[in-house]
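What follows is a single structure, written as structure tokens, with notes after it.
Readers should treat all values here as calculations from the given coordinates under stated rules, not as data from a laboratory. It should be emphasised that the depicted structure is a prediction, and the values quoted were computed from it without experimental measurement. Positions of Cβ are backbone-derived with ideal geometry, glycine not excepted, and every protein chain shown enters the neighbour counts.
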Amino acid sequence: MNLEIIHDDEDIVVVNKPVGMIVYPALDFEGESLTETLKDMGIKISTSGDEERQGVISRLDVTTSGIMVLAKNEDSFQSLKTQFSEHTVTKTYYAIVDGKPKLPQAYIESPIKRISGHKYIKFEINKEGREAKTLYTELCSSNVLLDTKTGPENKIISLLEVQPKTGRTHQIRVHLSAIGHPIIGDRIYGANSRISEKLSVERPLLHSHKLSFVHPGLNETVEYTLDEFPDDLNYVIEQTDLQF
């Protein structure tokens, strides 16, 4: 599995994580991991934290593609850890969702808690959960024509730009599902399986596109952006004529 290096210096490495690559090794996952791949490429990352999670400050789900940063030394690790924990890092994602939001832009502020005893890792909106804040902006919407027993049926899908202001696990997926617009392909959080089938979608269409933070070594704000979407996201955009 190819791993694209966006930026690499003595303090940090910024990568474009492909779909299907886990960030660090896990007992129940047999595929490639990002941390091991970096080591195989000769890129040394920080030794902070558990050995298998070295250099990892904030991760992406195995099904989420896109940009992320890792630390290459202790000072960088602590600097980035502080920035992520204080929510001063700007993270921009793209998501294709079921339906069209009532508001073109909205701020979702609902606490999230893990559901205990569930077969999969799953979270829900729960007043006893951890604080979670997400800003979304609708970029465009389009129609998907589905074949049903009673004839053709139009379904609306929308492309959203999403900025999580906190960093909870599954935050974007949970928040968008909670307002009635689950991410296409996200079966755990209620995506329409017929739309996924029609568009050949095999994972939640969520992509980390841009990252901005204070560089630990330079002490100035830097921004890294990916030039292209992954193939499956591009395919859906082209097939549904999502214009933005």
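Comparing mean-square fluctuations of THR148, THR63, THR225 from a GNM of the chain with C-alpha springs under 10 Å, the top value falls on THR148.
With only alpha-carbon atoms in the gyration tensor, what are the semi-axes of the equivalent ellipsoid for the stretch 158-244, in Å, largest first?
Its equivalent ellipsoid spans semi-axes of 28, 17, 10 Å.
Put simply, when 99-112, 203-216 are sorted by average Cβ atoms within 10 angstrom per residue, most first, you get 203-216, 99-112. The calculated pair-distance distribution of the stretch 1-86 uses every alpha carbon pair, bins of 10 angstrom beginning at 0, and gives 18, 56, 25, 1 percent. As a length-normalised measure over Cα pairs under 8 Å and 6 or more apart, the relative contact order of the chain settles at 19 percent.
Give the peptides 155-164, 171-180 in descending order of average Cβ contacts within 10 Å, highest first.
Working: 155-164: 19.8, 171-180: 22.2.
Per-residue Cβ counts within 10 Å, averaged per peptide and sorted highest first, yield 171-180, 155-164.
Comparing THR221, THR137, THR35 in a Gaussian network model of the chain where C-alpha atoms under 10 Å apart are linked, the largest mean-square fluctuation is found at THR221. For the stretch 1-86, the relative contact order comes to 32 percent (Cα pairs under 8 Å, sequence separation of at least 6). In a reduced charge model with +1 at each Lys and Arg Cβ and -1 at each Asp and Glu Cβ, the stretch 1-86 shows a dipole moment near 140 debye about its Cα centre.
For the stretch 107-154, the calculated P(r), taken from all Cα-Cα distances in 10 Å bins from zero up to the bin holding the longest distance, is 21, 24, 21, 31, 3 percent.
Along the axis of the charge dipole computed for the chain (Cβ charges of +1 for Lys and Arg, -1 for Asp and Glu, origin at the Cα centre), the listed residues VAL174, LEU34, VAL222 are led at the positive end by VAL174.
Under a Gaussian network description of the chain, with springs only between Cα atoms under 10 Å, the residue in MET41, MET68, MET21 that fluctuates furthest is MET41.
Please state, to two decimals, what the Cα-based radius of gyration of the stretch 97-244 comes to when divided by 2.2 N^0.38 Å (N = residues). For the stretch 97-244, the normalised Cα radius of gyration is 1.14.
For the chain, the 222 nm mean residue ellipticity estimated from helices alone, with every DSSP H stretch of n ≥ 4 adding -39500 (n - 2.57) and the total spread over all residues, rounds to -5000 deg cm²/dmol.
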